[in-house]
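Read the structure below first, then the notes.
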Amino acid sequence: MAKSKNTAFFCRECGYESAKWSGQCPACKEWNTFVEEPLATEKKTKGIVNVGISTGRKTDVKPSTFSQISTQDKDRMSTGIAELDRVLGGGVVEGSLVLVGGDPGIGKSTLLLQMCNNMASDNRKVLYISGEESLKQIKIRAERLGSSNESMLLLCETNLEIIENVLKEEKPDIVIIDSIQTMYREEISSAPGSVSQVRESTSVLMQLAKGLGISIFIVGHVTKEGVVAGPRVLEHMVDTVLYFEGDRNAAYRILRGVKNRFGSTNEIGVFEMMDKGLAEVENPSEYMLNGRAEEASGSVVVCLIEGTRPLLVEIQALVCDSNFGLPRRTAAGTDYNRVNLLMAVLEKRAGIHMSGSDAYVNIAGGIKVNEPALDLGLVMALVSSYKNRPVSDKTIIFGEVGLAGEVRAVSQVQVRINEAVKLGFETCIVPYVCLKNIRKTDKINIIGVQNISEAIRLI
């Protein structure tokens, strides 16, 4: 009799399971991502059921109506950090599972340690579980940040069964898992950080969060591509996914909500790395425009919407003659292909030939943006640099550009204009079709354009 196979092949990117190895994953189409790992055992499955969301027997489970479910303001807990509360949708939801990812040294542990200190000071029971640092190391870092609250509980452990027992005994309000790649279950023979261990650990933590009503934050390491290491199913299992962006050598950090079941997605929070930890930047538009060159060609200010927040950023473009046979194209902070497309539209619809020129585009401040409202600002910056004609420092531009050269409408025009007025801008170039949705004001001159040719004539 043949032995039953107790291993299978898993895709590192999406978690797809297969009985045999394959060069390409049938689900996500990535190459060479399959790894062989042990299958789940019966003992492990039973353990998971015991910590599930439902605590009663199968016969005791009854569905509920909306009127039978009570929601109160206290279901959200403030972190004491306004920017983090904004990204989370107003605070931490009871029983939620939040994934925090980012490059090494970006400030993930620092932010969570500051959050724990604030919530412990607010009489919340906080438990910080570390699988990478000793208790002494955590204390040293907390004292350096000024976050050594006596009521905060610390634990160094990587065994999930021990962690599960501690959570059931202590019943904290907030739990930090640093990091998910160090956690393991004894029933799975693979090493910590493998596909099976990461997926299983997240599943257990999710069921503990829902079953016990504990809000759990898990820290996830990222790959060189900038995504959380482990299967992509990890992001689908959690309630909220937060990513830290920015160069770790730079002062500013951007916390972006990629997924949020309890608030707006793509919301951002801006922080500045100081010697005492991360400090909030309450007006990010102002800091994004700090140090802007005056009367410089190729510089244009655009108003974007990140989640619910208007954000002013500077687009810098440099167009010059190419010294090589193949012109160079570089884009930092935005989509490279979008820049090439807009340059093709300029050549075809406006008669501005840049095919033989090098083009360099940069979004100042280190932020990454891809909103369609960026298009008109990119076009004006490229033309301004090409003709060496500066755009006025008091002018703000936004709008989507189509392939026919038309300027199309964008959302929340009034919010963008209000932000421009607040920061002292005098002229605003917007899509013509949006004029009917704008309240008349004497504080700013609003100009509507129907196509890129009309916009270029304004330079």
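The values are calculated or read from the model by the stated rules, or taken from the named source; none is laboratory data. Here the structure is a predicted model, which means the values were calculated and not measured. Here Cβ is always computed from backbone atoms with ideal geometry, including for glycine, and neighbour counts include all displayed protein chains.
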*Inspect region 399-408 for any residue being among the β-branched types (Val, Ile, Thr), in contact (Cβ under 8 Å) with a residue 12 or more places away in the chain, crowded, with 24+ Cβ neighbours inside 10 Å and closer than 17 Å to Asn340 by Cα and give the result as yes or no.*
yes
*Pairs, first within 10 Å of Ala350 (Cα to Cα) in region 441-457, second at pLDDT 95 or above and basic (Lys, Arg), C-beta under 6 Å, six or more apart*: none
_closer than 28 Å to Ile446 by Cβ and surrounded by fewer than 16 Cβ atoms within 10 Å (Cβ to Cβ): is that true of Lys348 in this structure?_
no
*Regarding Gly90, is this residue assigned to a loop (DSSP other than H, G, I, E, B) and over 30 Å from Glu36 (Cβ atoms)?*
yes
*Just for strands (runs of 3 or more DSSP E) wholly inside region 236-288: which have at least 3 residues that are under 14 Å from the mean Cα position of the chain (by Cα) and surrounded by 18 or more Cβ atoms within 10 Å (Cβ to Cβ)?*
240-245, 252-260, 268-274
*What tally of residues in region 40-94 results from selecting those that are among the charged types (D, E, K, R), at pLDDT below 65 and surrounded by fewer than 15 Cβ atoms within 10 Å (Cβ to Cβ)?*
8
*Name every residue in region 298-312 that is at pLDDT 90 or above and either among the polar types (S, T, N, Q) or in a strand (DSSP E or B) (or both), in order of residue number.*
Ser299, Val300, Val301, Val302, Cys303, Leu304, Ile305, Pro310, Leu311, Leu312
*Which residues, taken from region 409-436, are loosely packed, with under 15 Cβ neighbours inside 10 Å and either among the charged types (D, E, K, R) or in contact with a Phe, Trp or Tyr (Cβ under 6 Å, 6 or more places away or on another chain) (or both)?*
Lys422, Glu426, Lys436
*Can you pull out the helices (runs of 4 or more DSSP H) entirely within region 102-212 that have at least 3 residues that are among the small types (Gly, Ala, Ser)?*
108-121, 195-212
*Could you tell me whether any residue of region 217-224 is within 23 Å of Gln114 (Cβ to Cβ), modelled with pLDDT of 85 or more and aliphatic (A, V, I, L, M)?*
yes
*asked:* Being within 29 Å of the chain's Cα centre (by Cα), at pLDDT 95 or above, under 30 Å from Val258 (Cβ atoms) and surrounded by 17 or more Cβ atoms within 10 Å (Cβ to Cβ) narrows it down to one residue among Val369, Val379; which is it?
replied: Val379
_Qualifying position, being surrounded by fewer than 20 Cβ atoms within 10 Å (Cβ to Cβ), among the hydrophobic types (A, V, I, L, M, F, W, C) and within 21 Å of Gly405 (Cα to Cα), among Leu304, Leu341_ = Leu341
*Taking Ile444, is it in contact with a Phe, Trp or Tyr (Cβ under 7 Å, 6 or more places away or on another chain) and at pLDDT below 95?*
yes
*Would it be correct to say that Lys168 is under 21 Å from Val92 (Cα atoms) and over 28 Å from the mean Cα position of the chain (by Cα)?*
yes
_Search result, residues across region 161-187 that are hydrophobic (A, V, I, L, M, F, W, C) and surrounded by 19 or more Cβ atoms within 10 Å (Cβ to Cβ)_ = Ile163, Leu167, Ile174, Val175, Ile176, Ile177, Ile180, Met183
